[in-house]
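Read the structure below first, then the notes.
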Amino acid sequence: DDEGGVDHAAHVQANAPGEVDDESGVDAVGAAEPATGLSGADLYPLNPTKCYFPMYLVPGSIVAKLSRLPDHEEALKQGYLLEVEKVEEGSYSNKRIWIKQKGRGADGKKLPSREISDTMVYFFSHRWMTPNLDPSLAHPDDDANTKLRGIKSILNPKKYMWIDFMCIPQRDPSSQLRAIQSLPYYVHASARFTALVLGAQGREEYLQRAWCQAELIASKLPIRMPFWEPAWLHVRGMFRDISPDSKLGKEGRLEPIHLCHIRDISTCKLTDQRDFEKLRPLVEFAAKELREMCEWDASPDRDKTRLFGRGAKGIDE
């Protein structure tokens, strides 16, 4: 998610409120009710277990056939997107995900959701390579489709991805706002948070962008279940070098993302300075949540090593 990415949104109506999974505390996608008596982002209080706009995934089998990354509206029109119905914890950081199925069965009833068990979902965070205040000129990739080629090198047909340009509305501000407020949910519903960069310089450019920082921050939010659980128990964060001329092997292209990579977002770059107001609720929420978890981590709680699993190492990776 970078400057050109979520500045222009699509008109896709969220589904009616769904049911809450009582065991996991995670709402069905598109299910969370807006707060009453509030306006703007305050209508949709940030919470890693709440989703205000449906989560969409792109199958690796679809990505393999793409010649250019389409925007959300086009991807939806072409039938490239799968809408998530429900998410539960799976094995390790993988999740159990149910996908809505279209159509009806022989009995005339709606088809039940289809489970994708313990599969790998990549949340791709990235710096837009062709940002522009004009929505018709902005695109996340360059003319050579460097980013798409890098994504194809990661995904296989059995994996799935979430990426802003295809999964967040790009034309309707109201739908887009709900999706932005759902970023923590999207990240925690994914098994892998992968920041796509072009070498060391690309990594630094990524860290300097405000929208990239917003997604990185969302990936580091802890979850109260009902005790604090740090993000690394749910999401594995990695930088992935997708430089086409890199001589590094698969493992050499990977580098862990730590809390120390979070920067003061007010010093980061935005193509449209007005976007800071879109980011402000997430930044303020993250500061509060991380501060409270750090205070809890520093307390003499004898049970916290069981939860955090790292003892004196604390909450960072």
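A few points about this structure:
- The residues in the range 251-294 that are closer than 30 Å to SER153 by Cβ, part of a helix (DSSP H, G or I) and open to solvent by 50 Å² or more (accessible area, probe 1.4 Å) can be counted, and the count is 2.
- ALA200 vs. criteria modelled with pLDDT under 95, touching a strand residue (DSSP E or B) at 6+ places or on another chain (Cβ under 8 Å) and among the small types (Gly, Ala, Ser): no
Each row is one residue, and each column tells you yes or no for (1) surrounded by 15 or more Cβ atoms within 10 Å (Cβ to Cβ); (2) in contact (Cβ under 8 Å) with a residue 24 or more places away in the chain.
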site	(1), (2)
ALA106	no, no
PRO112	no, no
ILE116	yes, yes
MET120	yes, yes
TRP128	yes, yes
THR146	yes, yes
ARG149	no, yes
LYS152	yes, yes
TYR160	yes, yes
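- In the range 224-240, the residues that are open to solvent by 20 Å² or more (accessible area, probe 1.4 Å) and either at pLDDT 90 or above or in a loop (DSSP other than H, G, I, E, B) (or both): MET225, PRO226, PHE227, MET238, ARG240
- Selection from the range 35-64 of residues that are assigned to a loop (DSSP other than H, G, I, E, B), at pLDDT below 70 and not aliphatic (A, V, I, L, M): THR36, GLY37, SER39
- Residues in the range 44-94 that are open to solvent by 40 Å² or more (accessible area, probe 1.4 Å) and over 29 Å from MET129 (Cβ atoms): PRO45, ASN47, LYS50, GLU85, LYS86, GLU89, SER91, TYR92.
- Every residue from the range 295-317 that is modelled with pLDDT of 70 or more and open to solvent by 50 Å² or more (accessible area, probe 1.4 Å): GLU295, ALA298
- Answer residue from the range 165-179, given it is open to solvent by less than 10 Å² (accessible area, probe 1.4 Å) and out of contact with any helix residue (DSSP H, G or I) (no Cβ under 6 Å at 6 or more places or on another chain) and is modelled with the highest pLDDT among those: CYS167
- Matching option when the condition is on the phi < 0 side of the Ramachandran plot, in contact with a Ser or Thr (Cβ under 7 Å, 6 or more places away or on another chain) and touching a residue at least 12 places away in the same chain (Cβ under 8 Å), among ARG96, ARG178: ARG96
The values are calculated or read from the model by the stated rules, or taken from the named source; none is laboratory data. Source: prediction; values computed, not measured. Here Cβ is always computed from backbone atoms with ideal geometry, including for glycine, and neighbour counts include all displayed protein chains. Calculation scope for accessible area: heavy atoms of the full protein, side chains included, ligands and nucleic acids excluded. Shrake-Rupley method; radii C 1.70, N 1.55, O 1.52, S 1.80 Å.
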